[in-house]
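The values are calculated or read from the model by the stated rules, or taken from the named source; none is laboratory data. Since this is a predicted model, take the numbers as computed values, not measurements. Cβ sites come from the backbone with ideal geometry, for glycine too, and all protein chains shown count toward neighbours. Note: areas computed on protein heavy atoms with side chains; ligands, DNA, RNA excluded. Shrake-Rupley method; radii C 1.70, N 1.55, O 1.52, S 1.80 Å.
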Amino acid sequence: MSASKAPLLSTRGLRKRYKLRGGNAVRQITAVDDVSIQLASGETLAVVGESGCGKSTLAKLITQLEIPDEGELVFDGRPVSTRSRRERLAFRRDVQIVLQDPYGSLTPHFRVHTLVAEPLRIHRLATPSKLPTRVAEILESVGLAPEIAGRFPHELSGGQRQRVSIARAIATRPRLIVCDEPVSALDVSVRSQIVNLLLDLQRELGLSYLFISHDLALVDHIADVVCVMYLGRIVEQASAAAFFAAPRHPYSRALIASSPVPDPRRRHGAPAVHGEVEVGATTSGCRFRNRCPMALAKCAETDPPLRVLAADHLVACHRADELGEPLPFAEQIR
Ligand SMILES: Nc1ncnc2c1ncn2[C@@H]1O[C@H](COP(=O)(O)OP(=O)(O)OP(=O)(O)O)[C@@H](O)[C@H]1O
Ligand code: SF4
Ligand SMILES: [Mg+2]
């Protein structure tokens, strides 16, 4: 959303459908639906939303682990789909992913040395004789002692395993790391250490992050831009400052109101929105209308487009103009 900077990453109308088989019937869901985002170099774009809204699918589309059915991915000014084989390899070097479950993403029978050396070998970033030194340097930069290199993943703590995942991600000197809930599986005591490590690496290496999280207090702490997803769509997209001061979509307000807050003196919000995400529940109109406390008749008739409310604020809601006031204190997560 930084208008002054050329985006490092932009997506235009990304769409991904999956077929769901139940008995003889085959149903199709659109996991990511017409998603257009922009991420500036050195910035963090956070993606939030309930389980099943399409966050991980978006992460897979951006890292090319999945191919979109429609839309375009532009990285560093060039569409990814028109790149040559060599340029695609460079894209895979420039864009890395860190997942929620470091145990699942690290091959269990490889030692840490092999795991961190693998991306260096694939992308020919170190000669065999230089590999041990380079691996030790990378481990040091994620706060791991050199002797960790000889261990297997099961011989590490959860925090150490996630540091190894981050080491693998930064080994190729990427420009963008997609972080899919990188701290939510970790013990609370190590979460802030890993978050601080990611922030330090961002400063040192000039990284951009696409950061998926359920933790709105964390998003408030780290994000420059916030995107709220609901049933595959972006329903609100704003600078973090604008978003947390006055979210303009009823769903965003409900997410914030139901967000656990660290300070026990403040309200621990009961869910302000009822029901669950219903995949394919609505075929016309606003897809949030069955749960929305502000729904009107026109919400069932017309699907609200994502529209510009301010230079740094887009919202898909017919009644967004009525939600211009800052959040009441009790509903703020700060
Ligand atoms: N490979 C697949 N085949 C079929 N459906 C899929 C596939 N991957 C995801 N989906 C469906 O797409 C939707 C979006 O899934 P996705 O994993 O992107 O959600 P999410 O927002 O990451 O959820 P969570 O917060 O639980 O991780 C869900 O309805 C999911 O069941
Ligand atoms: S368009 Fe209507 S139903 Fe949808 S979020 Fe806005 S008020 Fe609620
Ligand atoms: Mg997910």
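Observations on the model:
- Failed condition for R134, given (1) more than 22 Å from P108 (Cβ to Cβ); (2) in contact with a Phe, Trp or Tyr (Cβ under 9 Å, 6 or more places away or on another chain); (3) without any contact (Cβ under 8 Å) to a residue 60 or more places away in the chain: (2)
- In region 300-311, the residues that are open to solvent by 70 Å² or more (accessible area, probe 1.4 Å) reach residues that are hydrophobic (A, V, I, L, M, F, W, C) with C-beta atoms within less than 6 angstrom, at least six apart or across chains, in these pairs: L306/L314; L306/A316; V308/L314.
- Only one of the numbered conditions (1) in contact (Cβ under 8 Å) with a residue 60 or more places away in the chain; (2) more than 24 Å from A240 (Cβ to Cβ); (3) of a type in the set (K, R) is not met by K55, and that is (2).
- Residue within region 30-49 that is open to solvent by 50 Å² or more (accessible area, probe 1.4 Å), over 21 Å from L198 (Cα atoms) and either out of contact with any Lys or Arg (no Cβ under 7 Å at 6 or more places or on another chain) or without any contact (Cβ under 8 Å) to a residue 60 or more places away in the chain (or both) present: no
- Scanning region 143-202 for residues being part of a loop (DSSP other than H, G, I, E, B) and not polar (S, T, N, Q) gives a total of 16.
- A Cβ distance below 6 Å, combined with a sequence gap of six or more or placement on separate chains, defines the contacts here; from region 245-263, residues that are open to solvent by 20 Å² or more (accessible area, probe 1.4 Å) reach residues that are at pLDDT 85 or above and in a loop (DSSP other than H, G, I, E, B) in the pairs R253/P247.
- Verdict on G71 being crowded, with 17+ Cβ neighbours inside 10 Å, within 19 Å of the chain's Cα centre (by Cα), at pLDDT 95 or above and within 25 Å of R15 (Cβ to Cβ): yes
- If you go through region 203-212 and keep only what is part of a loop (DSSP other than H, G, I, E, B) and touching a helix residue (DSSP H, G or I) at 6+ places or on another chain (Cβ under 8 Å), you end up with just L207.
- When region 90-112 is filtered for residues that are buried (at least 19 other Cβ atoms within 10 Å of the Cβ) and of a type in the set (V, I, T), the ones remaining, listed by number, are V95, I97, V98, V112.
- Qualifying residue in region 314-333 (condition: open to solvent by less than 50 Å² (accessible area, probe 1.4 Å), modelled with pLDDT of 95 or more and more than 15 Å from H249 (Cβ to Cβ)): no
- Checked against (1) of a type outside the set (S, T, Y); (2) closer than 24 Å to D215 by Cβ; (3) away from ligand 3 (no atom under 13 Å from the Cβ); (4) open to solvent by 50 Å² or more (accessible area, probe 1.4 Å), K60 passes all but condition (3).
- If you go through region 83-108 and pick out every residue that is in contact (Cβ under 8 Å) with a residue 24 or more places away in the chain and in contact with a strand residue (DSSP E or B) (Cβ under 9 Å, 6 or more places away or on another chain), you end up with 9.
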